[in-house]
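Heads up: the structure comes next, in structure tokens.
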Amino acid sequence: VAPKPPSPIEFTGDLGYVSTAGNSSVQTLNLGDRIIAKFGVVTVSQQFSLVHGRSKGKTVTSLYRAQVRSDYALQTTFGLYAQVNYERNVFAGLASRIATNTGLTALLHADPRHRLTLEGGVSVTAQRSVDPTKRPNQDFLGGRAATAYSQKLGAKASFAQTVELLPNFREREALRINTESTVVAPITKEVGLKLSYVIRYDGLPQPGFLSTDRLFTSGIQITL
């Protein structure tokens, strides 16, 4: 019997929840999904993530991120990409940020255990503030450089590291840097334990807010 061909569509879902009561009352929910569909030399993907936290009945964290992306392979190790990102983080003074990015991708190294890619391009961003009187809304041209490294630690366990640099061509000090470190350990064939640590730096934060946010999440990951 011939082996069943792999599905062109891959789904990954993340879910984590923490609730405390007694001396402290905190509820935190983090969830996300990623869908990847491959059609020959074209790959289309969608991602969404949400982190929402409440303490003593009040919302203290509310972060939304979403992305739609398309990749076109020119060669085995070289291609083009285009993506649209959405972000909302009212507790950092950001009502919304919509960025359209396009550029080139390069596969620098790949073997059965390791994979390293590099991306570079330009972006057009529309940024809206929670309080425009403190920092006006902006539309600006920027750049994007990113690298992604992944390593298989076993049959299903893995480690991944991404770094993204987002310069603002209008204001140099408004450089943004995003990093994410992720470890996934298998529980079953489809379910794993996921730990993630995210650092988000904004060189020109909204007035009255800090330049760096750090976020640690844990939960289960389901892959279909």
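Data for the structure
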{"quantity": "Conditions (1) open to solvent by less than 70 Å² (accessible area, probe 1.4 Å); (2) modelled with pLDDT under 95: number failed by residue 42", "calculated": "(2)"}
{"quantity": "Residue in region 154-174 that is in contact with a helix residue (DSSP H, G or I) (Cβ under 7 Å, 6 or more places away or on another chain), of a type in the set (A, V, I, L, M, F, W, C) and under 19 Å from residue 86 (Cα atoms) present", "calculated": "no"}
{"quantity": "Residue within region 18-39 that is charged (D, E, K, R), within 16 Å of the chain's Cα centre (by Cα) and open to solvent by 60 Å² or more (accessible area, probe 1.4 Å) present", "calculated": "yes"}
{"quantity": "Residue match in region 54-67 (condition: buried (at least 16 other Cβ atoms within 10 Å of the Cβ), modelled with pLDDT of 95 or more and under 18 Å from residue 8 (Cβ atoms))", "calculated": "no"}
{"quantity": "Criterion violated by residue 71 - all others in (1) open to solvent by 50 Å² or more (accessible area, probe 1.4 Å); (2) out of contact with any helix residue (DSSP H, G or I) (no Cβ under 9 Å at 6 or more places or on another chain) satisfied", "calculated": "(1)"}
{"quantity": "Close pairs (7 angstrom Cβ cut-off, 6 or more residues apart or separate chains): more than 15 Å from residue 164 (Cα to Cα) in region 98-121, small (Gly, Ala, Ser) and surrounded by fewer than 16 Cβ atoms within 10 Å (Cβ to Cβ) anywhere", "calculated": "98/126"}
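The values are calculated or read from the model by the stated rules, or taken from the named source; none is laboratory data. Since this is a predicted model, take the numbers as computed values, not measurements. So basically every Cβ, Gly included, is an ideal-geometry build from the backbone, and we count neighbours across all protein chains shown. What goes into the accessible areas is simple: the full protein's heavy atoms, side chains included, and nothing from ligands, DNA or RNA. Shrake-Rupley method; radii C 1.70, N 1.55, O 1.52, S 1.80 Å.
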